[in-house]
Amino acid sequence: MCQAIQEMRKESEQKKAMEVAEKLHEMGLDTEKIAKAVGYAVETVKGWLGLES
């Protein structure tokens, strides 16, 4: 049960990071800065935003 809760929390945090990344991208922030702001790898953020690697 505890692991299921941890997994749900992780998924929730990732979803929030994805939403923030999208908003920052819409504001014109470059991908490297977005990745740093949300705490994920640049390649991960590019994948979320649908950008080529």
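What the table below lists for this structure:
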| item | result |
| --- | --- |
| Test: residue 7 is exposed (fewer than 12 other Cβ atoms within 10 Å of the Cβ) and modelled with pLDDT of 95 or more | no |
| Which numbered condition residue 17 fails, given (1) of a type in the set (Gly, Ala, Ser); (2) within 9 Å of the chain's Cα centre (by Cα); (3) assigned to a loop (DSSP other than H, G, I, E, B) | (3) |
| Tally, over the stretch 42-53, of residues that are in a loop (DSSP other than H, G, I, E, B) and surrounded by 11 or more Cβ atoms within 10 Å (Cβ to Cβ) | 1 |
| Test for residue 29: is it at pLDDT below 95, not polar (S, T, N, Q) and not in a helix (DSSP H, G or I) | no |
| All positions within the stretch 1-26 that are β-branched (Val, Ile, Thr) and under 17 Å from residue 47 (Cβ atoms) | 20 |
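The values are calculated or read from the model by the stated rules, or taken from the named source; none is laboratory data. Please read these numbers as outputs of a predicted model, since none were measured by experiment. Don't worry about glycine lacking a Cβ; one is built from the backbone with ideal geometry, like all the others, and counts go over all protein chains shown.
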